[in-house]
Amino acid sequence: MAKAGYQIRSTAAVALSAATAKTAVMIITPAQFGGDLKKFRIGFDGVTASAVPVLWEVVRSTNASNSAPGTGNTTESANIVQVYGRAITTGFTGFSASTSEPTVLTVLDANLLTPCGGLLVYDFPLGDTFECDVSAGLGIRLTAPAAVNARVSMIVERI
């Protein structure tokens, strides 16, 4: 089967406030197809070597509330670009820098990462990806103990 992969990324630094969870980037699937998270990247601009690590989480959303691009969130739909596969209309919408957190999130994976220039580049092994149903979302949520900025991107395939 032919695959089509799309990237969504935060176009500006996502400012994290102390001890406040923020969905840094999320892709929302339409009613016609779901999404399959293939890769993600998280980078921080912190400069303090003793800074406490940031909690990163891969989350799945039901889109119950606060999941619309532009509703308390920076719309990134125009910045979703196809990065491989046959040219197909994107169909996804998305947002970054959530100011009103989506309310129904399921944490699929989580860990800690240093904010002192920390960088996480993760490509899922074949068969180990996270998926979401139609009309749902996949995203990256960050919780930092102290203020720091992040840049986040995800590669998602249509399924």
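The values are calculated or read from the model by the stated rules, or taken from the named source; none is laboratory data. In this text, all values refer to a predicted model and were calculated from it rather than measured experimentally. Don't worry about glycine lacking a Cβ; one is built from the backbone with ideal geometry, like all the others, and counts go over all protein chains shown. When the accessible area is computed, the model is the full protein with side chains, heavy atoms only, and any ligands, DNA or RNA have been set aside. Shrake-Rupley method; radii C 1.70, N 1.55, O 1.52, S 1.80 Å.
See the values below:
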{"item": "Surface share of carbon and sulfur [accessible, 1.4 angstrom probe, percent] for the chain", "result": "55 percent"}
{"item": "FRET efficiency, Lys3 to Val81 (Cβ-Cβ, R0 22 Å, nearest 0.05)", "result": "0.90"}
{"item": "Equivalent ellipsoid, the chain (semi-axes from 5 times Cα gyration tensor eigenvalues, Å)", "result": "25, 17, 14"}
{"item": "Region 20-47 residues near the modelled Thr89 label - backbone nitrogen below 16 Å, point 7 Å along Cα→Cβ", "result": "29-34"}
{"item": "Cα-derived Rg over Rh, computed across region 72-159 with Rh taken as Kirkwood radius", "result": "0.94"}
{"item": "Residues listed by number, region 85-129, amide nitrogen under 20 Å from Ala146 label point at 7 Å toward C-beta", "result": "112-120"}
{"item": "Interchain or long-range residues, amide H under 5 Å from Ala4's placed H", "result": "Arg158"}
{"item": "Viscosity 0.890 mPa s, temperature 25 °C, Stokes-Einstein D of region 1-69 from Kirkwood C-alpha radius, µm²/s", "result": "164 µm²/s"}
{"item": "Rounded to the nearest 20 debye, dipole of region 73-142 from Cβ charges on Lys, Arg, Asp, Glu", "result": "180 debye"}
{"item": "Local electrostatic count at Ser10 - Lys and Arg +1, Asp and Glu -1, tallied over other residues with Cβ under 11 Å", "result": "+3"}
{"item": "Along principal axes, Cα extents of region 27-110, largest first, whole Å", "result": "46, 30, 23"}
{"item": "For the chain, accessible area per residue (1.4 Å probe, heavy atoms of protein chains only), Å²", "result": "46 Å²"}
